[in-house]
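Engineer: To start, I am sharing the structure in question, which I have written as structure tokens.
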Amino acid sequence: MSAFAFALLLLTATSSFGQVFRCTVNGQPVYQQAACAATASSGTEIKLNVAPAASPKATSLTPRPEPAPAVAVPAPAPAPPPPFPPQRSELEAFADTCLEWCRPLLRNPQGAYYRDAVHAQNVLSLAIYATNGFGGYVRRAAACEIKNGKLDAAWTRIHAQRAGWQP
């Protein structure tokens, strides 16, 4: 009884399939439900058994349209030049010079920076932050003598000795 049911199932399953014809029109293969027309350039017909599609649009297959020709895209406009770097004030220039003079006296001079720069009379005072031997930052007071817009190394050495530096 089960063999009969299986045969009946196969018979009903194959009867629900439709036929698709492959025709050649203008050199392009076309798949359709109806037989090829007599005006088709090729007389070959291929019958394929396929399951019916859910929608009518899916049953009629047509060749893909030709892709659109490539459109030339203009090159992007050149980037504007970068803005000028901000101008350093005279105080910042003096503080940079003082920090450079103090760098050789520091244990780890690469990460050193300064804050709280004050220029009074001929003396520039600032706080220098640098790493100690354990990776932490320490603050040291520094003073540099500035005369006629230039660092006076002799007086700066005296200020460093008074602050506890070992020049």
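Please treat every number below as a calculation from the coordinates, not as lab data. These figures come from a predicted structure and were not determined experimentally. Reconstructed Cβ throughout: ideal geometry from the backbone, glycine too, with neighbour counts over all protein chains shown.
Engineer: Less than 14 Å Cβ to Cβ from Lys150, Lys/Arg counted +1 and Asp/Glu -1: what total charge do the surrounding residues give? Walk me through the numbers before you get to the answer.
Structural biologist: Details: positive: Lys147; negative: Glu90, Asp96, Glu100, Glu145, Asp152.
Once all neighbours under 14 Å are counted, the net charge is -4.
Engineer: Moving on to the next point. Work through the residues other than Asn122 whose Cβ is under 9 Å from its Cβ and net out their charges, Lys, Arg +1 and Asp, Glu -1.
Structural biologist: -1
Engineer: What FRET efficiency comes out for the pair Phe134/Leu91, r = Cβ-Cβ distance, R0 = 35 Å, nearest 0.05? Write out the running numbers ahead of the final one.
Structural biologist: Numbers: r = 32 Å, r/R0 = 0.92.
That gives a FRET efficiency of 0.65.
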